[in-house]
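Structure first, then comments.
The values are calculated or read from the model by the stated rules, or taken from the named source; none is laboratory data. Predicted model, so just to flag it, every value in this text is computed and none were measured. Positions of Cβ are generated from backbone atoms using ideal geometry, with glycine treated the same way; all protein chains shown enter the neighbour counts. Surface accessibility is based on the protein's heavy atoms, side chains included, excluding ligands, DNA and RNA. Shrake-Rupley method; radii C 1.70, N 1.55, O 1.52, S 1.80 Å.
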Amino acid sequence: MILRQAQEPIRLPLVRSDASVDHAIQAIVSGASTDATCSTDLAAGPWDFDARPGYGPGSSMGDVIPTGAPRQGELPAEYREASEEDLDARIRAAKQTLGDRVVILGHFYQREEVVRHADYVGDSFQLATAAKGRTDAEAIVFCGVHFMAETADLLSTPEQAVILPNLAAGCSMADMADIDQVEDCWEQLAEIYGDMDAVDEDGRVPVIPVTYMNSSAAIKGFVGRHGGIVCTSSNARTVLEWAFERGRRVLFFPDQHLGRNTAKAMGVPLDRMPMWNPRRPLGGSSAADLLDSQVILWHGFCSVHRRFTVAQIDQARAEHPGVRVIVHPECPMEVVDAADEAGSTDYIRRAIEAATEPATFAIGTEINLVRRLAAQYPQHEIFCLDPVVCPCSTMYRIHPGYLAWVLEELVAGRTPNRITVPADVADPARLSLERMLAAKPPVVTRPRDFTDVTNSGGNGDIREVSRAGRDS
């Protein structure tokens with residue numbers, strides 16, 4: 001498989017004010033701030049929750065975690081009890097010792113205390129692609145969540161070790177579509193549509209499965225085996241167009257909102273997008289509705305983006321005349337419709353970066369990215385639509401203590417928390433990713449909405465952080 005190489009690295013602007021969500025939460029809990037948080041447990045170390053079932057405090061704390069979800073072993077006391085300054089120093093020292101043997105990837109939604117140590121910052125597939133270009137690194141430390149580390153393992157060399165600092169950093173959305181449920185769905189659909197490989201007079205099969213990048217390697221493998229494709233939030237329209245050329249309809253999972261928002265923008269009527277609830281026969285729809293469907297939406301969602309509402313947008317407009325509202329397409333349809341623009345995390349970043357005059361932005365995405373953008377671009381007023389500080393539960397499981405631990409383990413010659421995708425899953429999963437890379441949308445110089453954003457899955461910019469810039 002051939003991947004496009006990363007573009008010339010772009011230095012991140014220096015953060016000139018405190019972008020730390022952890023500092024904000026500590027201030028709220030101590031009474032030094034009058035802001036609100038969705039859980040005071042966020043002030044504790046994530047190791048307090050590693051042995052408990054659940055995603056931990058934050059946006060996904062009410063979601064049901066699957067039985068057998070990965071758990072993290074106990075973090076040694078020296079890391080749990082260390083100060084922020086001590087952990088920062090230990091991470092820097094370990095990185096200096098390891099040099100080019102290790103590359104650290106930091107997702108846009110990561111804590112500021114972790115992102116400052118990342119060699120690359122981006123969305124999940126940008127980071128996996130960045131890792132692909134670092135064949136000199138013996139280890140890839142992915143500061144994100146489990147499905148992201150799996151994707152990095154799919155695209156890295158067999159000799160490279162992909163490490164997830166905290167195994168409990170999963171993804172509630174990805175967990176909403178497990179392989180058994182998807183296989184069962186496919187069997188039920190076959191009872192309605194007949195032979196799923198049969199080609200009609202137009203050369204199309206009954207269904208093409210499309211999975212969002214935010215899914216397990218097993219799901220990506222299923223898609224690869226059944227003629228399907230992966231999409232990102234940046235290239236979802238291009239991928240759906242690809243799928244409609246090959247199938248009468250699309251089965252889209254796990255995020256219903258990205259699927260609905262994208263298909264609606266393409267002109268697909270809402271009444272031809274039935275929902276598939278895996279806990280109900282035929283997903284809760286009738287055979288007639290499924291036969292008439294164009295897009296079958298899986299009953300999944302992102303708990304971060306489900307927090308945003310039309311009422312929040314109305315309040316932002318009332319309090320900030322002229323505000324520019326940009327939300328992520330994982331938000332509910334009503335929120336996307338009410339916003340000025342919708343786009344991926346990289347779209348949001350680029351939209352703010354491209355603003356030449358001071359402006360006010362209300363952003364509907366994860367709070368760590370919003371606060372970082374506000375600190376990086378002080379000429380603008382940038383705030384999160386949701387006034388309650390409620391980070392992604394699972395991203396927040398990656399703490400500097402875990403990063404210090406895995407780096408010092410690597411220094412000692414040990415490789416902890418390695419993520420490996422079995423070959424029987426990896427081969428078809430890579431095929432589904434390769435199809436995505438081949439389905440490139442047109443490049444636009446300035447994004448307008450999420451339906452025509454440059455494909456960050458293949459040719460979006462991957463930003464390398466200069467060590468000098470981060471250390472200053």
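The condition of being crowded, with 17+ Cβ neighbours inside 10 Å and either under 25 Å from A149 (Cα atoms) or polar (S, T, N, Q) (or both) holds for Q294. In the set (1) of a type outside the set (A, V, I, L, M, F, W, C); (2) within 23 Å of the chain's Cα centre (by Cα); (3) not in a helix (DSSP H, G or I), D195 fails one condition alone, (2). Residues in the stretch 265-302 that are in a helix (DSSP H, G or I) and touching a His at 6+ places or on another chain (Cβ under 9 Å): G283, G284.
For A82, are the conditions met, namely being open to solvent by 20 Å² or more (accessible area, probe 1.4 Å), within 28 Å of Q160 (Cβ to Cβ) and more than 24 Å from the chain's Cα centre (by Cα)? No, not satisfied. Tell me, please, whether a residue that is over 30 Å from V64 (Cβ atoms), in a helix (DSSP H, G or I), without any contact (Cβ under 8 Å) to a residue 60 or more places away in the chain and open to solvent by 10 Å² or more (accessible area, probe 1.4 Å) can be found in the stretch 318-330. Yes - at least one qualifying residue is present in the stretch 318-330. Among the residues in the stretch 296-315, are any more than 23 Å from the chain's Cα centre (by Cα) and either among the basic types (K, R) or at pLDDT below 95 (or both)? So far as the stretch 296-315 goes, no, none of its residues is more than 23 Å from the chain's Cα centre (by Cα) and either among the basic types (K, R) or at pLDDT below 95 (or both).
Here V335 meets each of (1) outside any helix (DSSP H, G or I); (2) without any contact (Cβ under 8 Å) to a residue 40 or more places away in the chain with one exception, condition (1). I'd like to check something: does the stretch 389-403 contain any residue that is assigned to a loop (DSSP other than H, G, I, E, B) and farther than 30 Å from R92 by Cα? No, the stretch 389-403 has no match at all. Among the residues in the stretch 300-312, are any without any contact (Cβ under 8 Å) to a residue 60 or more places away in the chain, touching a Lys or Arg at 6+ places or on another chain (Cβ under 8 Å) and of a type in the set (A, V, I, L, M)? Checked against the condition, which is being without any contact (Cβ under 8 Å) to a residue 60 or more places away in the chain, touching a Lys or Arg at 6+ places or on another chain (Cβ under 8 Å) and of a type in the set (A, V, I, L, M), the stretch 300-312 yields no hits at all.
Within this structure, H380 passes the test of being open to solvent by less than 50 Å² (accessible area, probe 1.4 Å), at pLDDT 95 or above, in contact with a Phe, Trp or Tyr (Cβ under 9 Å, 6 or more places away or on another chain) and farther than 21 Å from M173 by Cβ.
Does A339 count as buried (at least 24 other Cβ atoms within 10 Å of the Cβ) and in contact with a helix residue (DSSP H, G or I) (Cβ under 9 Å, 6 or more places away or on another chain)? Spelling it out, A339 is indeed buried (at least 24 other Cβ atoms within 10 Å of the Cβ) and in contact with a helix residue (DSSP H, G or I) (Cβ under 9 Å, 6 or more places away or on another chain).
Residues in the stretch 215-241 that are open to solvent by less than 10 Å² (accessible area, probe 1.4 Å) and of a type in the set (A, V, I, L, M): A217, I219, V223, I229, V230, A236, V239, L240.
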